[in-house]
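Working notes, structure below.
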Amino acid sequence: MGVGAIVTIAVTVILLVYGVMIYNNLVTLKHGVTKAWSNIDVLLKQRHDELPKLVETCKKYMEYEVDTLERVMKARAAVSSAREKGDVGALGPAESELRIGLGNLFAVAEAYPQLKANETFQHLQTRISGLENSIADRREFYNEAVNNNNVRIEQFPDLVIARFFGFRGAELLEFGDEEKKDVDLKALFS
């Protein structure tokens, strides 16, 4: 066997090993996105289960705030639907609506001293607020995993392997501008 054949075999083996390393890294990133989504999904499910309890507790005290309660439940249903479908694009706007609804609900609850003093309400408010914070943390982790995945499948030489094996980009979980606004307390109490 000649020197040229040995060099060709060595280069082929090196390229093959490099290709396998790229493929394995892309698989790791893809599964990182899936894992990050699963972490969000667990928290969304927990919050989904807590919201009816909160609404039922509030109904006893907030007889004139039906619109606020209905908005929360409608948004809850939209989040649940998007979550079950794994539709990140629909989840962002639904989450924004739910967060606005919850913010309004907690703000309106301020006008009901008996509700604020209710132990069940306090527990549920604390629990849901904690879940909201955890979802925000997990969303950041998910978006970082998506960003890492998307960057890698667009970089050369990774994009060659990514296209050949059908790796796809993932969608960032973004919430609307509405969520970032402060709740208008004057409008809620007028």
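Listed values, structure above:
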{"quantity": "Meets criteria (assigned to a helix (DSSP H, G or I), out of contact with any Gly (no Cβ under 6 Å at 6 or more places or on another chain) and aliphatic (A, V, I, L, M)) for residue 82", "calculated": "yes"}
{"quantity": "Single residue of 66, 88 found to be β-branched (Val, Ile, Thr), closer than 30 Å to residue 21 by Cβ and modelled with pLDDT under 90", "calculated": "88"}
{"quantity": "Residue that is surrounded by the fewest Cβ atoms within 10 Å (Cβ to Cβ) [pool: residues in the range 156-190 that are touching a Ser or Thr at 6+ places or on another chain (Cβ under 7 Å) and at pLDDT 55 or above]", "calculated": "176"}
{"quantity": "The range 61-80: number of residues that are among the small types (Gly, Ala, Ser) and surrounded by fewer than 16 Cβ atoms within 10 Å (Cβ to Cβ)", "calculated": "1"}
{"quantity": "Residue match in the range 99-113 (condition: closer than 19 Å to residue 40 by Cα, within 15 Å of the chain's Cα centre (by Cα) and not basic (Lys, Arg))", "calculated": "no"}
{"quantity": "Residue in the range 28-35 that is outside any helix (DSSP H, G or I) and crowded, with 17+ Cβ neighbours inside 10 Å present", "calculated": "no"}
{"quantity": "Residue count for the range 94-147, restricted to those that are in a loop (DSSP other than H, G, I, E, B) and hydroxyl-bearing (Ser, Thr, Tyr)", "calculated": "1"}
{"quantity": "Of residues in the range 81-137 being acidic (Asp, Glu) and surrounded by fewer than 19 Cβ atoms within 10 Å (Cβ to Cβ), the one farthest from residue 54 (Cα to Cα)", "calculated": "87"}
{"quantity": "Residues (surrounded by 18 or more Cβ atoms within 10 Å (Cβ to Cβ) and either in contact with an Asp or Glu (Cβ under 7 Å, 6 or more places away or on another chain) or of a type outside the set (S, T, N, Q) (or both)) located in the range 51-60", "calculated": "51, 54, 55, 58"}
{"quantity": "For residue 4: the one exception among (1) within 30 Å of residue 126 (Cβ to Cβ); (2) without any contact (Cβ under 8 Å) to a residue 60 or more places away in the chain; (3) surrounded by fewer than 19 Cβ atoms within 10 Å (Cβ to Cβ)", "calculated": "(1)"}
{"quantity": "Filter pass, residue 16 being at negative phi and buried (at least 18 other Cβ atoms within 10 Å of the Cβ)", "calculated": "no"}
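Conditions (1) basic (Lys, Arg); (2) closer than 15 Å to residue 112 by Cβ; (3) assigned to a helix (DSSP H, G or I); (4) touching a strand residue (DSSP E or B) at 6+ places or on another chain (Cβ under 7 Å), marked per residue:
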| site | (1), (2), (3), (4) |
| --- | --- |
| 50 | no, no, yes, no |
| 56 | no, yes, yes, no |
| 64 | no, yes, no, no |
| 92 | no, no, yes, no |
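The values are calculated or read from the model by the stated rules, or taken from the named source; none is laboratory data. Remember, predicted model here, so these are calculated numbers, not experimental data. Using ideal geometry, Cβ is built from the backbone for each residue, glycine included, and neighbour counts are taken over all protein chains shown.
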